[in-house]
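For reference, the structure discussed in these notes is given below.
Since every read-out is calculated from the coordinates, none of them should be taken as a lab result. Since this is a predicted model, take the numbers as computed values, not measurements. Using ideal geometry, Cβ is built from the backbone for each residue, glycine included, and neighbour counts are taken over all protein chains shown.
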Amino acid sequence: MQTGFAIHDPILGIESSCDETACAVLSMDGAILAECVLSQDGHARFGGVVPEIAARAHLAHLPDLVTRTMAMAGLDFSGLGAIAATCGPGLIGGLIVGAGVGKGLAIGAGLPFVAVNHLEAHALTARLPGLLPGGAPFPYLLLLLSGGHCQCVAVEGVGRYRRLGGTIDDAVGEAFDKVGKLLGLPWPGGPALERLAATGDAGRQVFPQPLRGRAGCDFSFSGLKTSVAQRIAGLPSPLPPGDAADIAAGFQHAVAAVLADRADHAMAMMPAARLLVVAGGVAANAAVRTALTAAAQARGVAFVAPPIRLCTDNAVMVAWAGVERLRLGLHNTLDTAPRPRWPLAELGAA
Ligand code: KG4
Ligand code: ZN
């Protein structure tokens, strides 16, 4: 980590840690000058992200996406002040591509490079100007709910994170995807399951709410998934459409209730936080947002759910994390290696 000069010109952010190839250009005050997200479509027939396919797709598309994003921003590289790229955690092939392109551009244009932690990028999204008047103040509580991560974090400052709890088995998005598969829905299961649940009745298929009421704010979803599998096994095959919709609604209701309960515990554990933020793909789910809004309201805590396109993987959040670090005078040397595993707790501000 290096400390150094003040940056005034815009920053280019690059995201490639999973199956989204994304670029964005932000001004140093957080205005979005351009953004592009390419969701890879080669994985659905395998029922999950295939790391090698993802890495090759990042390699095939990222250079062109950078060029397009810069053109949308009306800039050439001499007009940039810095480059930020996700360097972990994530799939190593994609990280190598994104970090490599970012470092190459930084060398070519003589710019500082920021190695962004993907989880920090999700965590700081709520501070983007325009989401909350004046920006989200530290400290706040973050529920990170995605396909690969499910954790509750006290966000105390840039580089200062305290993990309050996390899943002891599956991530919540993974549970949506697995239950989606059990119901015969296309991958990723979350959005399709939400649509199916809208036509069902949660009261007709009631499921357990794992860890609800338990001290702390850990999560567990594998038992809930097994319970859905057993319920389906006891019904006619193929599953009648009405039963599938009721199961989707019942599952979604149980997840939302558990998340609200875990958030309530987190708020009790950290009364200094007057704001609850949700991020990650599952934050797109309306039932989840409604349950979390109610939980926050009950404790008089403000609630922020960024727009859906900023909840799922994107490069605006990567560029913004770069801005936050550069404002503290922090950037990285070009020998910073991508890290498939990079917990928030190992991330310093210096
Ligand atoms: O944050 P994200 O785009 O990628 C990472 O996993 O990092 O999250 C993807 C996850 C998938 O598991 C997907 O099924 C889930 O978010 N998801 C949803 C919804 N939209 C995406 N889950 C429930 N309801 C949704 N509307
Ligand atoms: Zn993510």
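Excluding same-chain neighbours fewer than eight residues apart, the aspartates and glutamates reachable from Lys225 by a Cα-Cα span under 12 Å are Asp169, Asp170, Glu174, Asp177.
If you take the beta carbon distance between Asp64 and Glu346 as r and set R0 to 35 Å, what does 1/(1 + (r/R0)^6) give as a FRET efficiency, to the nearest 0.05? Mind showing how you got there, number by number?
Details: r = 34 Å, r/R0 = 0.96.
With R0 = 35 Å, the Cβ-Cβ based efficiency is 0.55.
Each 5 Å bin from zero up to the one holding the largest Cα-Cα distance in the stretch 17-67 carries the following percent of pairs: 4, 20, 26, 18, 13, 10, 6, 2, 0.
Take the convex hull of the alpha carbons in the stretch 104-217; its mean projected area over all directions comes to 11.4 nm². Peptides 188-194, 125-131, 231-237 ranked from most to least packed, by the mean per-residue count of other Cβ atoms within 10 Å: 188-194, 125-131, 231-237. Only the Cβ atoms of Lys and Arg (+1) and of Asp and Glu (-1) were treated as charged; on that basis the dipole of the stretch 116-274 about its Cα centre amounts to roughly 240 debye. For the chain, the Kirkwood estimate of the hydrodynamic radius, built from every pair of different alpha carbons, is 20.6 Å. Ala6 label point, 7 Å along Cα→Cβ, cut-off 20 Å on backbone N: hits in the stretch 67-105? Output list for this probe position: 79-83. Each Lys and Arg contributes +1 and each Asp and Glu -1, all at the Cβ; summed about the Cα centre of the stretch 222-350, the dipole is approximately 200 debye. Compute the long axis of helix 286-298 from its Cα atoms, compare it with the longest principal axis of the Cα atoms of the chain, and write down the angle in degrees, 0 to 90, nearest 10. Result, in degrees: 90. Estimated from the Cβ-Cβ distance and a Förster radius of 41 angstrom, the FRET efficiency linking Ala71 and Arg45 is about 0.80. A simple packing score, the average count of other Cβ atoms within 10 Å per residue, orders the peptides 52-58, 312-318, 322-328 as 312-318, 322-328, 52-58, with the highest score first. Fully extending the segment from Thr290 to Asp201, taken as 0.36 nm per residue of separation minus the present Cα-Cα distance, adds 30.3 nm.
Angle of helix 51-73 to the longest C-alpha principal axis of the chain, folded into 0 to 90 degrees and rounded to 10: 60°.
Normalised by the number of residues in the chain, what is the relative contact order in percent for Cα pairs under 8 Å and 6+ residues apart?
Numbers: 782 pairs, mean separation 87.5, N = 350.
Relative contact order of the chain: 25 percent.
Here the convex hull built on the C-alpha positions of the stretch 168-312 has a volume of 102 cubic angstrom per residue. Diagonalising the gyration tensor over the Cα atoms of the stretch 174-218 and scaling each eigenvalue by 5 before taking the square root yields semi-axes of 23, 15, 8 Å, largest first. Computed from the Cβ-Cβ distance with R0 of 41 Å, the FRET efficiency linking Ser78 to Ala337 stands at 0.90. If you run the Gaussian network model on the chain, springs between alpha carbon atoms under 10 Å, then out of Gly48, Gly300, Gly100 the most flexible one is Gly300. Going by alpha carbons, how many degrees (0 to 90, nearest 10) lie between the helix axis of 241-269 and the longest principal axis of the chain? Taking Cα atoms only, the helix is inclined about 60 degrees. Once the mean of 1/r is taken over each pair of separate Cα atoms and inverted, the stretch 292-350 shows a Kirkwood hydrodynamic radius of 14.7 Å. Between Glu52 and Ile107, the distance separating the two model label sites (each 7 Å from Cα on the Cα→Cβ line) works out to 2.8 nm. Per-residue packing, averaged as other Cβ atoms within 10 Å, sorts the ranges 40-47, 86-93, 140-147, 218-225 into the order 140-147, 86-93, 218-225, 40-47, beginning with the highest. The separation of the stretch 286-340 from the stretch 68-147, counted between C-alpha centres, amounts to 11 Å.
Among beta bridges from DSSP that stay inside the chain, the antiparallel ones total about 60%.
Basic side chains Lys and Arg get +1 at the Cβ, acidic Asp and Glu get -1 at the Cβ, and with that the dipole of the chain about its Cα centre reaches some 620 debye.
By the gyration tensor of its Cα atoms, with a ≥ b ≥ c the square roots of the eigenvalues, what is the shape of the stretch 41-169: rounded for a/c under 1.5, prolate for a/b over b/c, or oblate? Cα axes put the stretch 41-169 in the oblate bin.
Taking every alpha-carbon pair under 8 Å whose residues sit at least 6 apart, the stretch 22-166 reaches a relative contact order of 15 percent.
Over all Cα atoms in the stretch 25-114, the spread is summed up by Rg and Dmax: 14.1, 42 Å. Ranked by how many other Cβ atoms sit within 10 Å of their own Cβ, fewest first, the residues Met28, Met70 fall in the order Met28, Met70.
Using only the Cα atoms of the stretch 197-248, each taken as one equal point scatterer with no solvent, compute I(q) by the Debye sum, divide by I(0), and report log10 of the ratio at q = 0.19 Å⁻¹. Values returned for q = 0.19 Å⁻¹ are -0.70.
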